[in-house]
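Working notes, beginning with the structure itself.
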Amino acid sequence: MLTGPTRRSLLTTGLAATAGVLALGGCATGGAAEPVRSLARTPSAPLAGTVTVWSWDVAAQAMKRLAPAFQQQHPGTTVQVVDIGYDSAYDKITVGLQAGTGLPDLLTVEGSRLPGYLGNFPAGFYDLTTLAGPHQGEFAPAAWGTVTDTRGRVRALPWDLGPCGLFYRTDLFRQAGIDPATLLTWDDYVDAGVRLKSATGRPLLVMDSVKDSTMAMLLQQQGQSYFAGGGKVAVDTPQAVKALTLLKTLADKGLVDYEKGWDGLVTATKAGKAATAPTAAWWSGTLTGEMPELKGRFGVMPLPAFEPGGPRTSNDGGSTLAVTAQSRNPQLAWAFTEFLLADRANQVSMLKTEGLFPAYLPALDDPFLGSPQEYYGGQAAFRVFAELAKSIPAVEYTKDGAKAADIMNTTVSGVLLHGDDPAKALGSAARQIAAATGRPTLG
């Protein structure tokens, strides 16, 4: 997720980096055997009382801003939003789930993190299928997949997502005589990178060689995560080999600049060290907020495809709202969730004000997304991402995403920095993940 300062967390979210504090394997206590509580609407019971939400940064700001309107619609209700800070959020959530006490009514949970919690603490959240199910068609399928557990139950409501495209420096492309419209495939991208570096001396992209989400983005673009076929390990598939081979090709041709962490990425971009950034819509907020001096030098387009006519987007980031089983007022918690997330005006408002890109499809047709943006030389950049968001490939998640991501980070680094063979490295990674999780490989 999110925009603003917490965007630095995006380098460690998504499938490629769920190996942070949510390394939950084996952590679930007796809660796994408890029944999952279901929530159904009770029309005869008026909404009343208080609901408490844990969140952080701009998500917390958005809820604090919109809560008064909800309270006005429902007199006698109070929404308390607590900004717990991103750095300690998952420590607090994990401790609360393990202890079975101490959690609020509602939690913000990143979409890539939620499956791990659902797998390890299935009784920790309400089953919202009866209430949320009717909204399924209103949300991007890729986002809906993150809130649905392995038994098909809806356990949260999607909030924002990170449709991916290619940000590019229009001035550098002009200098090199390259028409960005010709970058239809990743092969085109590599060829253009060679020409561009020869003309400008700039590489194509900046990566964090230790923890970078590019590999996971390229894999999801092909309709796959680290798992497929019902939870089988799938990191040595032809799709995975194709993705890692692309990264190695870029590295071997000197088209990658390596920087450490979020600050390194921002600094390198401000200095013009790279001509492109294949990443999510939230990067726009970083550009406009932290690099206003580069106004007019960026454009946005879909990702290049692996094959002509193939998918040209992916996802990196995104979040959900989940009602905890510890909630003392679950009906009010759900009502606020539905008010906030299943409402076009509120979703567009959060895009305008907090930069949260909606997973709610009706919001993507709002005229605001088609408005020209001065930063992009008058291009309607949000419209590009709005169209891409509707076709993000949905992929499979499991509770073992953290373990897989940890091993994959090491694997990708070995290929990029030490020249390991992609196919052999991924075969080894698949065996390691299978051993660590007890899951079979896809074969």
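Tell me which residues come under 5 Å, amide H to amide H, from Val81 once H is placed; ignore anything under 5 positions away on its chain.
Val53
Suppose R0 equals 22 Å; then what is the FRET efficiency for Lys352 and Gln71 from their Cβ-Cβ distance, rounded to the nearest 0.05?
0.55
Apply the Debye scattering formula to the range 340-392, with a single equal point scatterer on each alpha-carbon and no solvent, then give log10 I(q)/I(0) at q = 0.14, 0.16 Å⁻¹.
-0.32, -0.42
Please report the spacing between the Cα centers of the range 286-348 and the range 178-255 in Å, no decimals.
23 Å
Could I have the simple spin-label model distance between Ala199 and Ser38, label points 7 Å from Cα toward Cβ, reported in nm to one decimal?
Those two pseudo-labels are separated by 6.1 nm.
Tell me the volume per residue, in Å³, of the convex hull enclosing the alpha carbons of the range 297-365.
156 Å³
What ³J(HN,Hα) values, in whole Hz, does the Karplus curve 6.51 cos²θ - 1.76 cosθ + 1.60 give for the range 323-335 when θ = phi - 60°, with x put for Gly and Pro?
Karplus-based 3J(HN,Hα) across the range 323-335 equals 8, 6, 5, 8, 4, 8, 9, x, 5, 5, 4, 5, 4 Hz.
Please report the accessible area of Asp187 (heavy atoms, 1.4 Å probe, ligands and nucleic acids excluded) in Å², nearest 10.
Asp187 has an accessible surface of roughly 110 Å² with all protein chains in place.
Extent of the chain along each principal axis, from alpha carbon coordinates, in Å, largest to smallest?
Each principal axis gives a Cα extent; for the chain these are 69, 51, 35 Å.
Residue farthest toward the positive end of the dipole of the chain, with Cβ of Lys/Arg at +1 and Asp/Glu at -1: which of Val95, Ile392, Ala143?
Projecting each Cα onto the dipole axis, the largest value belongs to Val95.
When the helix-only estimate is applied to the chain (DSSP H runs of n ≥ 4, each -39,500 (n - 2.57), divided by the residue count), what is the mean residue ellipticity at 222 nm, nearest 500 deg cm²/dmol?
-12000 deg cm²/dmol
Starting from the residue with the highest accessible area, list Arg312, Arg195, Arg169 in decreasing order, probe 1.4 Å.
Ranked from most to least accessible, the order is Arg195, Arg312, Arg169.
Would you mind putting 136-142, 160-166 in packing order, based on average other-beta-carbon counts within 10 Å, highest first?
For the peptides 136-142, 160-166, the packing ranking is 160-166, 136-142.
For the chain, what does the relative contact order come out to in percent, with C-alpha contacts under 8 Å and a separation of six or more?
Here the relative contact order equals 28 percent.
So for the range 44-184: antiparallel DSSP bridges make up what percent, rounded to the nearest 5?
Given both bridge residues lie in the range 44-184, the antiparallel proportion sits at roughly 10 percent.
May I ask you to derive the FRET efficiency for Gln80 and Lys390 from their Cβ-Cβ distance with R0 = 41 Å, giving the value to the nearest 0.05?
0.75
Considering only DSSP beta bridges with both partners in the chain, what is the antiparallel share in %, to the nearest 5?
Taking every DSSP beta bridge with both residues in the chain, the antiparallel ones total about 65 percent.
Thinking of the range 132-221 as a set of Cα atoms, what percent of all their pairs are more than 23 Å apart?
47 percent
What is the magnitude of the charge dipole of the range 286-443 about its Cα centre, with +1 placed on the Cβ of each Lys and Arg, -1 on the Cβ of each Asp and Glu, and no other charges, expressed in debye to the nearest 20?
Once rounded to the nearest 20, the dipole reads 280 debye.
Please report, in debye to the nearest 20, how large the charge dipole of the range 132-267 is about its Cα centre when each Lys and Arg carries +1 at its beta carbon and each Asp and Glu carries -1 there.
About 240 debye.
Report, in whole Å, the centroid distance computed from the Cα atoms of the range 78-157 and the range 412-435.
Their Cα centres are 32 Å away from one another.
If the only charges are +1 at each Lys and Arg Cβ and -1 at each Asp and Glu Cβ, what is the size of the charge dipole of the range 83-198 around the Cα centre, to the nearest 20 debye?
160 debye
Within the range 208-222, which residues have the backbone N less than 17 Å from the label spot 7 Å out from Thr410 along Cα→beta-carbon, could you tell me?
Counting only backbone N, you get 209-212.
With θ set to phi - 60°, apply the Karplus curve 6.51 cos²θ - 1.76 cosθ + 1.60 along the range 346-361 and write out the HN-Hα couplings as whole Hz, x wherever there is a Gly or Pro.
5, 5, 5, 4, 6, 5, 5, 8, 10, x, 8, 7, x, 8, 7, 4
Inverting the mean 1/r over all pairs of different Cα atoms, compute the Kirkwood radius of the range 24-157 and quote it in Å.
Hydrodynamic radius (Kirkwood, Cα only) of the range 24-157 equals 16.1 Å.
The values are calculated or read from the model by the stated rules, or taken from the named source; none is laboratory data. Every value quoted in this text rests on a predicted model; they were computed, and no experiment measured them. Positions of Cβ are backbone-derived with ideal geometry, glycine not excepted, and every protein chain shown enters the neighbour counts. We work out accessible area using only protein heavy atoms, side chains counted, and drop any ligands, DNA or RNA first. Shrake-Rupley method; radii C 1.70, N 1.55, O 1.52, S 1.80 Å.
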